[in-house]
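The values are calculated or read from the model by the stated rules, or taken from the named source; none is laboratory data. All values reported here derive from a predicted model rather than from experimental measurement. Every residue, glycine among them, receives a Cβ derived from its backbone with ideal geometry; neighbour counts consider all protein chains shown. Protein only, heavy atoms only, side chains kept; ligands, DNA and RNA dropped before computing areas. Shrake-Rupley method; radii C 1.70, N 1.55, O 1.52, S 1.80 Å.
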Amino acid sequence: MKKVVKIQGLDCANCAKFLEGEINKIQGVENAKIEFVKQKLEFESDNIDKSIEDIISLTRKVEPDVKILYKIDKNTSKFSKQLFFNILMLVLGVAIGCCALFISLPIWAFWILFVASALCLGYKTYYKAITQLFRGVVNENMLLTISVVGASIIGEYMEGLMVIALYSIGKIFEGLAVDNSRKSIAKLVELQPEYAVVLRNDQEVKCNPSEVNVGEILFIKPGEKVALDGVIIEGSSSINTQSLTGESVPITLKEGDEILSGSIVIDGILKVKVSKVYNESTVSKIMNLIENASANKSKTETTISKLTKWYTLGVVIVALAVWGIVWAVTKNFDLALYRGLIFLVVSCPCAFAISVPLSYFSGLGNASKNGVLIKGSNYLDLLTKLNVVAFDKTGTLTTGEFVIEKIVVKDEKRSEQEILYLAGLGEQYSLHPLAKSIVKACGELKDVDFVSEKAGEGVEFNYNNKKYFVGSRNKELKNTTVEVYENNKVIGEIYLKDCIKNTSKQTCEGLKVLGLSTILLSGDKEESVKLTANEIGIDKSYAKLLPQDKYEYLKRLKQEKKIIGYVGDGINDAPSLMLADIGISMGINGSPASIEASDVVLVDDNPIKVVKAIKISKFTKTIVWQNIILSALVKLVFLVLGAVGVTGMLWAVFADVGVTLLAILNSMRALKYNPNKQKCHKKQCNL
């Protein structure tokens, strides 16, 4: 059985990794995984209660400040209390240290105050270093402990206290920065409604959204969130969909329009007929995708995670080598030890361990904020490498809703309105997509006799003692043309067209600016496909393709070493979505199979979000590499300066803590980045 619990008080990514490893060693616990940014522990066990007790017991031993919250806990002040206590101990430690260092005292009194100061400033660090050492782990806690003890041995008392004081200050700021990022990301998932108001027996009943059935009527007042997907049956209102789509401008919805869960009603009262149960609703899909997004980690993130496991042990070995070399050259034990300690302090891996996953998580959060759900940082990485984007046509670049383009009358005794009405009389009994558009254009229709639908052709019926056929018999016509026959004689033709989405052309332009080529793969007839491709600016187009034909075409592209993104919405697109390096599906009208097969989901079916997703991914990857290069460069410079004696231990602490804070703050830029205002390197693109 799988269990997910909250984990509170973890302010160190390396500590999270260590704790995760120890939890996995507990008998009966399997596949334990800690999400550092989300503060979430997930594990599997046949005896959940026993496993939680063992996890809590272990956590108290190795991470005493960390709490496992397996019950509902509404106390939001724990972080503030912990922060207050940390600051109090820091102030107390500094005060005691000043007394020890700047007041003339007997040697025994000095040592009592010195040890008391060192304990106040870093007792947690020392405790973690010792407990983790007994478990075979050497990490930054051990590096700092060795540095403080070593500085004391060689008589550098002030530097020893300053090292642990500055480290503690840095950890406080680091905790604040990480907590701020967690809060910012948490705001992205606040769209989940807490309740639904349902009309039952003419009474307003407040209940959990999961308890509402399809067909029930929701009653939604201004300021309330829409709990489930449905169709408005009464009322109209401006709707805020920013949390779903990232668009700040409200849209107006009225009777007959579909409305998505997670939207906020602004200025009207609505009655909505539920069309999907909660688990299948838009907001539930978004929540599930966000929750599982960090399960698939990028190669960069995975590599950093693996390296930090052995990094600290390697640092200790190199520090010993520095100490040995300096001692051999200078014959000065204290100087050699001091420079070895500087190496230890500078080499703490915090900047790498925190900033890289935080950057990716911020990028994923930003994409969610803009209506793009990316199922993992590995896919965020792959988006930066795309050089070809292939599109399905219907429902992807077009709306999938057909409108009447023209009506051709073949019988001069008839009018266009009569031809349309006769077509509607038969099409009201058909499930074909074209039929729905014709019926919608007709208004109120009468019932007819002897209705018979012929699969793949159309509908036959009797009306006013005459026999009519509505459908397609002339195979030379477009597959979006409906013929009307009276007593086996064609009397009219209705031409329909699939409306192109108003952002499809903008999408293709944006992809070209980013240096990507575009392809249209469709099952429609060649004339229709070429017309659509020319209108929106697609580079290449291919028509009359079955699902297996699309699959084979993408397979050939992959053999040419192309990195391909495929955008589709139907169940027939699922094979292509899975084959492509990045599969991108539609979130509203997309089939469950296509959403499941895809790596990226566009919440509001807007293709321009493909461009936004790529921009966010490129910016996030830039942030990741900025953090890696900045951290590595600063540490390398101070390692060299410390080894040759130019800088002391205090500068080493500033280098470690400072670069960590800078990397965290830089990571936050991935969350705040606005893809709509970004200027591309070739020319300005206002996408």
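On alpha carbon coordinates alone, what is the Rg over Rh value for region 349-452, Rh being the Kirkwood radius?
1.36
How far is it, in nm, from the label point at Glu457 to the one at Asn534 when both lie 7 Å from their Cα along the line to the Cβ?
Each label point lies 7 Å from its Cα, and together they span 3.4 nm.
Summarise the long-distance tail of P(r) for region 77-155 by giving the % of C-alpha pairs beyond 20 Å.
The proportion of pairs with Cα distances above 20 Å equals 43 percent.
What is the mean projected area of the alpha carbon convex hull for region 476-604, to one decimal in square nanometres?
That works out to 9.5 nm², a quarter of the Cα hull's surface.
Whole percent per 10 Å bin, from 0 to the bin with the longest distance: what is P(r) over all C-alpha pairs of the chain?
3, 13, 18, 20, 17, 12, 8, 5, 3, 2, 1, 0, 0
Taking Rh as the Kirkwood radius, which is the inverse of the mean 1/r over Cα pairs, what is the Rg/Rh value for region 386-538? Kindly include the intermediate steps, with their values, before the conclusion.
Numbers: Rg = 18.3 Å, Rh = 16.9 Å.
Rounded to two decimals, Rg over Rh is 1.08.
What are the residues whose amide H is under 5 Å from the amide H of Ala32, where those residues sit 5 or more places off or on another chain and H is modelled from the backbone?
Correct list: Glu44.
For Ile217 and Ala116, calculate 0.36 nm times their separation in residues minus their Cα-Cα distance, and state this gained length in nm to one decimal.
Difference between extended and current length: 29.7 nm.
Could you give the accessible area per residue of the chain, probe 1.4 Å, as a whole number in Å²?
Numbers: 32510 Å² over 687 residues.
Averaged over the residues of the chain, the accessible area is 47 Å².
With 18 Å as the limit, write out which pairs from Lys410/Lys489; Lys440/Lys525; Lys406/Lys497; Lys497/Lys525; Lys17/Lys67 have Cα-Cα distances beyond it, or answer none.
Values: Lys410/Lys489 9 Å; Lys440/Lys525 25 Å; Lys406/Lys497 9 Å; Lys497/Lys525 12 Å; Lys17/Lys67 16 Å.
Correct reply: Lys440/Lys525.
Using a 1.4 Å probe on the protein chains only, how many percent of the accessible area of the chain belongs to carbon and sulfur?
Carbon and sulfur: 57 percent of the exposed surface of the chain.
Per residue of the chain, what 222 nm ellipticity follows from adding -39500 (n - 2.57) for every DSSP H run with n ≥ 4, rounded to the nearest 500?
Estimated from H runs of four or more residues: -16500 deg cm²/dmol.
With the crude spin-label approximation of a point 7 Å out along Cα→Cβ, what separation in nm comes out for Thr131 versus Glu30?
Inter-label distance under the simple model: 2.8 nm.
At a Förster distance of 51 Å, what's the computed FRET efficiency of Lys489 paired with Thr252, Cβ-Cβ distance as r, to 0.05?
Rounded to the nearest 0.05, the efficiency is 0.65.
Could you order Ile354, Ile628 so the one with the most accessible surface comes first? Probe is 1.4 Å.
Greatest to least solvent exposure: Ile628, Ile354.
Report the Stokes-Einstein translational diffusion coefficient (µm² s⁻¹, integer) for region 545-624, Rh taken as the Kirkwood radius over Cα pairs, at 10 °C with viscosity 1.306 mPa s.
Estimated via Stokes-Einstein, D reaches 122 µm²/s.
How big is the antiparallel share of DSSP beta bridges in the chain, given as a percent to the nearest 5? Show your work: numbers first, answer last.
On the way: 67 of 86 bridges.
That works out to approximately 80 percent antiparallel.
Can you give the Kirkwood hydrodynamic radius for region 475-552, in Å, rounded to one decimal and based on Cα pairs?
With all distinct Cα pairs of region 475-552 included, I get 14.6 Å.
So what J values fall out for region 329-338 if you push phi through Karplus, 6.51 cos²θ - 1.76 cosθ + 1.60 with θ = phi - 60°, rounded to Hz, Gly and Pro as x?
Karplus values, whole Hz, x for Gly and Pro: 7, 9, 6, 10, 4, 4, 5, 4, 5, 4.
With the dipole of region 476-552 worked out from charges on the C-beta (+1 for Lys and Arg, -1 for Asp and Glu) around the Cα centre, which of Leu521, Gly510, Val490 lies farthest toward the positive end?
It is Gly510.
Per 5 Å bin from zero, what fraction in whole % of the C-alpha pairs of region 355-402 is there, up to the bin with the longest pair?
Per 5 Å bin, starting at 0, the Cα pair percentages come out as 5, 17, 19, 19, 17, 12, 7, 4, 1, 0.
How big, in percent, is the set of alpha carbon pairs in region 520-674 lying more than 19 Å apart?
The answer is 67 percent, as a whole percent.
What longest region of the chain stays clear of GluC sites (Glu not before Pro) that DSSP places outside H, G, I, E and B and that have at most 16 other Cβ atoms within 10 Å?
1-189
What Kirkwood hydrodynamic radius do you get for region 398-481 when you take the inverse of the mean 1/r over all pairs of distinct Cα atoms, in Å?
13.4 Å
Which distance in Å, rounded to a whole number, links the C-alpha centroids of region 312-327 and region 125-141?
19 Å
Taking a cut-off of 14 Å, what percent of all Cα-Cα pairs in region 579-639 are separated by more than that?
For region 579-639, the share of Cα pairs beyond 14 Å comes to 66 percent.
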